[in-house]
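The values are calculated or read from the model by the stated rules, or taken from the named source; none is laboratory data. Because the structure is a prediction, the values reported are computed rather than measured. Don't worry about glycine lacking a Cβ; one is built from the backbone with ideal geometry, like all the others, and counts go over all protein chains shown. Each accessible area value is taken on the protein alone, full model and side chains, heavy atoms only, with ligands, DNA and RNA left out. Shrake-Rupley method; radii C 1.70, N 1.55, O 1.52, S 1.80 Å.
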Amino acid sequence: MTRPPSRSRPGRALRTAAVALGTLPLSTLLIATIAGCAIGPTSPVPAGSPASGIQQPGTQARFARLYFAGPTGLRAVSRPTDRPLSPQQALDLLLEGPTPAERQRGLISQVPPMAGQLTATATDGAVDVFVPQKVSTGDLDVTAVSQIACTAAHANVPGDKPPTQIDIRIHENNIRSQTPWTVHCGPNGNVTPVTG
């Protein structure tokens, strides 16, 4: 009766390799490890000067700030964008309504469907918003006006004014009027009329 050929056991081979490695000097082991990782034993290579300067305000912000109504009042949400958005682009996002995740947080829009287009034109420190409805008759309630005004104020408006100082001029029925409703967006998303 013949014996089957002996097979080497993996455990024995590993123990033999470990004993062999244990007899090598530490420097040889380190070089072997580095070479195995495809990292050569070289010194650092210069790759240009380090970053310097001060980040300009607003240059890193790549988020649109939109305002929706929540259980405790107006709430700001940030939507990632690839560039700063104009007031028109921000209002277009607002009109799409909250995302499913925002709705799960209890956010809704009080801006009603409109028969015409909501448009916005930015000038130095101000935004003219043309609403296809009447504000004075209550077609737009104060929450809807606040959503529109604060979203427009936090968009990319020329003039380097903070959002709370940007004049939002709301024109009813899409007509450029001599006396628009001019408001500011307060720090908590509350709209205050501009007098004078």
**Study point:** Given charges at beta-carbon only (K, R positive; D, E negative), |dipole| of the range 117-196 in Debye
**Key:** 40
Practice item. Multiply the residue gap between LYS134 and GLN165 by 0.36 nm, knock off their C-alpha separation, and tell me the result in nm, one decimal place. Key: 8.7 nm
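Cβ under 14 Å from PRO80's Cβ, PRO80 left aside: what net charge do those residues give with Lys, Arg +1 and Asp, Glu -1?
Cβ neighbours under 14 Å give a net charge of +2.
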Study note, to complete from the structure: In whole percents, the bins of 10 Å from zero upward hold the Cα-Cα pairs of the range 52-196 as 12, 44, 34, 9, 1, 0
Check your understanding: Whole number please: convex hull volume per residue of the Cα set in the range 149-196, in Å³?
Key -> 91
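Just to confirm, what accessible area per residue do you get for the range 60-144 at 1.4 Å probe, in whole Å²?
Working: 4500 Å² over 85 residues.
With the other protein chains kept in place, the range 60-144 gives 53 Å² per residue.
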Study note, to complete from the structure: If N is the residue count of the range 89-167, its Cα Rg over 2.2 N^0.38 Å rounds to 1.13
